[in-house]
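Some notes on the structure that comes next.
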Amino acid sequence: MQPILPGSTLGVLGSGQLGRMFAFAAHQLGYHVHTYSHEPNSPCGQVAEQEFVGDYNDTAAIANFARSVDVVTFEFENISSDAARVIEQEGLVYPGGHVLHISQHRIREKTTLSEAGLPVTPFLPVRNQEDLEHAAAAMPFPCILKTAFGGYDGKGQVSVPHAQSLASAWEELGQQEAILEQRIEFTHEISVVAVRSTTGELCCCGPIRNEHRNHILDLSVWPDPEMSRYEIAAREIARGVLETLDVVGVMCIEMFVTRDNQLMINEVAPRPHNSGHLTIEACCSSQFEQQVRAICGLPLGCMQPRHPAAMANLLGDLWSDGEPNWVAALQDPRVKLHLYGKHSARPGRKMGHLTCVADSAEEAARTVLAAREALHSR
């Protein structure tokens with residue numbers, strides 16, 4: 001394809017913080033941005049040139065949005081396959097609808113990656129009573145039962161300690177299509193943010209070390225010396241995923257490091273990822289700039305880290321006792337604040353993040369966590 005050059009209009013389906021940061025990167029490169037949102041004055045809509053508002057299943061409205069831009073990308077993958085097909089009929093869209101079709105459905109995702117020889121957590125589908133009984137007999141427990149479609153940050157999943165509790169877990173999920181995954185004994189959770197262009201050029205960032213709290217990402221650190229031993233293997237797995245799915249754009253591959261030092265894919269996301277936000281300060285080209293470059297057919301930028309960096313999420317809980325103390329948090333000049341423009345703070349809702357670059361990963365993590373703790377001082 002011919003490159004889509006600066007001055008063109010890029011469309012982003014979804015309008016949260018990922019779209020907002022994509023728009024910042026696109027504007028820096030000289031592009032215009034339209035976004036499609038389910039509500040007005042969204043985080044991305046606040047900075048885009050035009051915000052289309054409608055339901056994510058309204059194919060006529062989505063087609064109208066797609067006709068207004070030169071290429072469409074995603075920051076929100078859980079749209080209907082009909083909506084994805086409509087966008088493809090109107091013009092260019094990256095990653096393609098086939099990627100969404102696979103990655104938005106856990107059984108299709110795990111099956112596709114497993115058949116490609118990529119390491120995934122052991123799993124079995126649960127669609128009916130027969131599947132349930134087979135899984136209870138065949139799968140080593142403990143396990144986790146997850147809805148096949150939807151769910152994030154721990155939503156839509158139930159821990160299953162033994163076979164006898166599988167039936168009640170399925171009832172808790174409404175007896176909808178689900179996937180039963182073996183619970184993996186792991187020492188670390190890591191991610192690789194990978195980008196692949198229209199020409200097949202591929203660039204990777206990571207492995208990023210991640211820590212979660214209540215199933216929500218809490219802290220990301222990169223590069224982490226302890227994780228460097230897994231860099232070659234993790235990036236090869238990421239390459240395998242993007243090439244298997246024929247991804248154009250950014251995809252995050254989340255993995256477990258098992259107790260015997262093996263890597264196992266937990267899940268993938270066909271878009272920029274929370275753990276990759278630190279690339280804005282750490283890299284010459286952030287994950288969002290790379291997304292712009294990839295979908296426009298431009299050469300990819302460099303994602304080698306200029307400095308070790310750490311990111312700490314800011315959840316709505318911070319606002320429970322009033323406005324956080326931004327002055328205290330920003331006392332260290334190395335700390336950067338990113339707020340997402342969301343209108344209301346709710347417990348567990350991602351409202352922003354802090355990043356810090358430093359001489360070492362340990363120092364970056366220590367500094368960014370101290371800055372977040374300072375937000376509580378009133």
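Some points to look at:
- Here the Karplus curve 6.51 cos²θ - 1.76 cosθ + 1.60, taken at θ = phi - 60°, turns the phi angles of segment 225-230 into couplings of x, 5, 8, 4, 5, 9 Hz, with x standing for Gly and Pro.
- Charging the Cβ of each Asp and Glu at -1 and of each Lys and Arg at +1, and nothing else, the dipole of segment 182-335 about its Cα centre rounds to 380 debye.
- Most mobile listed residue (313, 64, 210) in the chain, GNM with C-alpha springs under 10 Å: 64
- Net charge of Cβ neighbours under 12 Å - reference residue 86; Lys, Arg +1; Asp, Glu -1: -2
- For segment 70-186, the square roots of the Cα gyration tensor eigenvalues, ordered a ≥ b ≥ c, give a/c of at least 1.5 with a/b greater than b/c, which places it in the prolate category.
- Size of charge dipole - the chain - debye, nearest 20, with Cβ of Lys, Arg +1 and Asp, Glu -1, no other charges: 540
- Restricting segment 264-368 to trypsin sites (Lys or Arg not before Pro) in coil, as DSSP defines it, with at most 14 other Cβ within 10 Å: 306
- Taking all Cα pairs closer than 8 Å and separated by 6 or more residues, the relative contact order of segment 117-229 comes to 23 percent.
- Whole-Hz couplings from phi, Karplus 6.51/-1.76/1.60, listed for segment 295-301; x for Gly and Pro: 6, 9, x, 8, x, 6, x
- Potential extension, residue 67-residue 155 segment - 0.36 nm per residue separation minus Cα distance: 28.2 nm
- Descending principal axes extents, segment 9-93, alpha-carbon based, whole Å: 32, 23, 18
- Ordering 8, 159, 286 by the number of other Cβ atoms within 10 Å of each residue's own Cβ, fewest first, gives 159, 8, 286.
- Relative contact order of the chain: 14 percent, from C-alpha pairs under 8 Å at least 6 residues apart in sequence.
- The residue among 168, 345, 308 whose Cα reaches farthest toward the positive pole of the charge dipole of the chain, with charges on the beta-carbon of Lys, Arg, Asp and Glu, is 308.
- Förster-model FRET efficiency, 45 Å R0, residue 229 and residue 80, C-beta, rounded to 0.05: 0.60
- Shape call, the chain: gyration tensor on alpha carbons, a/c limit 1.5: rounded
- Under-15-angstrom lysine pairs by C-alpha in the chain, whenever the two are 8 or more apart or on separate chains: 4
- When the square roots of the Cα gyration tensor eigenvalues are ordered a ≥ b ≥ c, the ratio a/c for segment 110-165 is 1.5 or more and a/b does not exceed b/c, which makes its shape oblate.
- Of the chymotrypsin sites (Phe, Trp or Tyr not before Pro) in segment 123-182, the ones in a loop by DSSP (not H, G, I, E or B) with at most 13 other beta carbons within 10 Å are 152.
- Dipole-positive endmost among 79, 69, 149 within segment 57-170 (Cβ charges, Cα centre): 149
- Additional length obtainable on full extension of the chain from residue 177 to residue 199, 0.36 nm per residue less Cα span: 4.2 nm
- Compared with the direct C-alpha span, the chain from residue 378 to residue 307 gains 22.4 nm at full extension, assuming 0.36 nm per residue.
- Less than 5 angstrom separates the built amide H of residue 349 from those of 316, 317, all sequence-distant by 5 or more or on a different chain.
- Residue 116/residue 366 FRET efficiency (R0 41 Å; Cβ-Cβ; nearest 0.05): 0.55
- Positive-end residue, the chain charge dipole about Cα centroid, Cβ charges, pick of 330, 252, 238: 330
- Amide H within-cut-off set for residue 248, under 5 Å, with H built and near neighbours excluded: 96
- The ratio of the alpha-carbon radius of gyration of segment 256-378 to the globular-protein estimate 2.2 N^0.38 Å is 1.20.
None of the figures in this text is laboratory data; all of them are computed from the coordinates on show. Computed from a predicted model, the values in this text were never measured in an experiment. Note that we place each Cβ from the backbone using ideal geometry, even for glycine, and neighbour counts take in every protein chain shown.
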